[in-house]
């Protein structure tokens with residue numbers, strides 16, 4: 001059986017093959033990378049991503065909306081979508097501007113559930 005990293009990288013490859021997703025990263029909530037097909041992830045990038053997730057989680061709880069599930073940021077050149085992948089992980093993807101957001105979110109939610117199952121108690 002493939003190790004955890006190989007299994008998750010296979011999922012990231014499947015996400016990317018849709019054509020709407022440029023790259024993805026799975027990271028722990030503290031910013032440690034579990035798997036990635038992003039070519040240039042710097043420590044500054046990881047710090048910003050980790051902060052984004054932390055603020056999203058805190059906002060969701062403070063406004064009594066429950067546990068963070070997903071966030072989507074629309075930017076000039078595309079979207080950034082982060083989806084909860086269990087208690088300790090988040091799947092973050094860079095989505096093409098012309099990508100079908102509804103399809104992408106459904107795909108990411110499905111992938112996140114598979115990732116959560118692979119990670120188990122990690």
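The values are calculated or read from the model by the stated rules, or taken from the named source; none is laboratory data. Every value quoted in this text rests on a predicted model; they were computed, and no experiment measured them. Neighbour counts are summed over all protein chains in view; Cβ atoms, including those assigned to glycine, are modelled from backbone coordinates with ideal geometry.
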Somewhere in the range 99-112, is a residue touching a helix residue (DSSP H, G or I) at 6+ places or on another chain (Cβ under 9 Å), assigned to a loop (DSSP other than H, G, I, E, B) and on the phi < 0 side of the Ramachandran plot? no
Against the condition out of contact with any strand residue (DSSP E or B) (no Cβ under 7 Å at 6 or more places or on another chain), modelled with pLDDT under 90 and buried (at least 16 other Cβ atoms within 10 Å of the Cβ), how does residue 107 come out, does it pass? no
Those residues that are in a helix (DSSP H, G or I), out of contact with any strand residue (DSSP E or B) (no Cβ under 6 Å at 6 or more places or on another chain), at pLDDT 85 or above and more than 16 Å from residue 71 (Cβ to Cβ), I need them from the range 1-60; list them, please. 4, 6, 7, 10, 11, 13, 14, 16
